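Asker: Okay, here's the structure, questions in a sec.
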C-alpha cells in the first residue's frame, strides 16, 4: 500500500484527510506563522456541518461571531489579509442581520483554500518538516 | 457558558477526519 506521506503529496485534500498529515502541516504552518489559515479552513467546514435543529440557532450565531472575531475582524491577521474585501463585507453583513446560513463562510474558505493550494501546500512539500518525515 | 475559544475548538475538531 502507498505510505500516507506519499498520498499527502497528491493533493491538499488528501493531506487534510489524514490526521497525521494535518498534524505535520500544522506544525509547518506554525513555523511560518500561518497556522490560523488551517484552523480557519476547518472552522468553516465544522460550521457548515452544524445540524440545523432548533436550539442550535443560538450556538450557530455565537460560533459565527467567534469565527468572525478570531479570523476576519483584525485586518492584519493572516486569514483576513487573504480574504477579499467583498467576501468580508458579505460575512459582516450576514452577521449584522443575523442571517446565519451554513454556507456563509464558503467563499472565504475557498479563498483560503486557493491560497494554501498555490502557496503554503507546495512549500510544505518542499520543506524540511515534510522531507525529514518522509 | 462556553467560552468562544471552546466553541471554536469544538467546531474545528468536529471537522477533522477521525483516526483510520
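The values are calculated or read from the model by the stated rules, or taken from the named source; none is laboratory data. As the structure is a prediction and not an experimental result, all values here were calculated from the model. Note that each Cβ is placed from the backbone with ideal geometry, even for glycine, and that neighbours are counted across all protein chains shown.
Asker: For segment A:83-116, give me each residue that is in a loop (DSSP other than H, G, I, E, B), closer than 21 Å to residue A:50 by Cα and touching a residue at least 12 places away in the same chain (Cβ under 8 Å). I'd like the intermediate steps shown before the answer.
Answerer: Filtering segment A:83-116 for residues in a loop (DSSP other than H, G, I, E, B) gives A:83-84, A:97-105.
Then keep just the ones that are closer than 21 Å to residue A:50 by Cα; that gives A:97-105.
The answer is A:98, A:100, A:102, A:103, A:104, A:105.
Asker: If residue A:80 meets every condition in (1) without any contact (Cβ under 8 Å) to a residue 40 or more places away in the chain; (2) in a loop (DSSP other than H, G, I, E, B) apart from one, which number is that one?
Answerer: Every condition holds for residue A:80 apart from (2).
Asker: Right, here's the next one. Residue check, residue A:72 against (1) within 17 Å of residue A:122 (Cα to Cα); (2) within 13 Å of the chain's Cα centre (by Cα), all met but one. Which one?
Answerer: Among (1) within 17 Å of residue A:122 (Cα to Cα); (2) within 13 Å of the chain's Cα centre (by Cα), the lone unmet condition for residue A:72 is (1).
Asker: A further question follows. Restricting attention to segment A:1-52, which residues are under 23 Å from residue A:68 (Cα atoms), more than 13 Å from the chain's Cα centre (by Cα) and within 11 Å of chain B (Cβ to nearest Cβ)?
Answerer: A:49, A:50, A:51
Asker: Name every residue in chain B that is modelled with pLDDT of 90 or more, assigned to a helix (DSSP H, G or I) and at the interface with another protein chain (Cβ under 7 Å from one of its Cβ atoms), in order of residue number. Reasoning before the result, please.
Answerer: If we filter chain B for residues that are modelled with pLDDT of 90 or more, which is where we start, we get B:5-17.
Next, only the ones that are assigned to a helix (DSSP H, G or I) stay: B:5-15.
Of everything in chain B, those that are modelled with pLDDT of 90 or more, assigned to a helix (DSSP H, G or I) and at the interface with another protein chain (Cβ under 7 Å from one of its Cβ atoms) turn out to be B:7, B:8, B:11, B:12, B:14, B:15.
Asker: Kindly indicate the residue of segment A:53-74 that is outside any helix (DSSP H, G or I) and modelled with pLDDT under 90 and also nearest to the other protein chains (Cβ to nearest Cβ) among those meeting that condition. I'd like the intermediate steps shown before the answer.
Answerer: Restricting attention to segment A:53-74, the residues satisfying the condition of being outside any helix (DSSP H, G or I) are A:53-56, A:73-74.
Adding the requirement that they be modelled with pLDDT under 90 leaves A:53-56.
Values: A:53: 15, A:54: 18, A:55: 14, A:56: 12 Å.
Once the filter is applied, the top-ranked residue is A:56.
Asker: In segment A:16-70, what residues are at positive phi and buried (at least 18 other Cβ atoms within 10 Å of the Cβ)? First the steps, then the outcome.
Answerer: If we filter segment A:16-70 for residues that are at positive phi, which is where we start, we get A:33, A:55.
Selection gives nothing.
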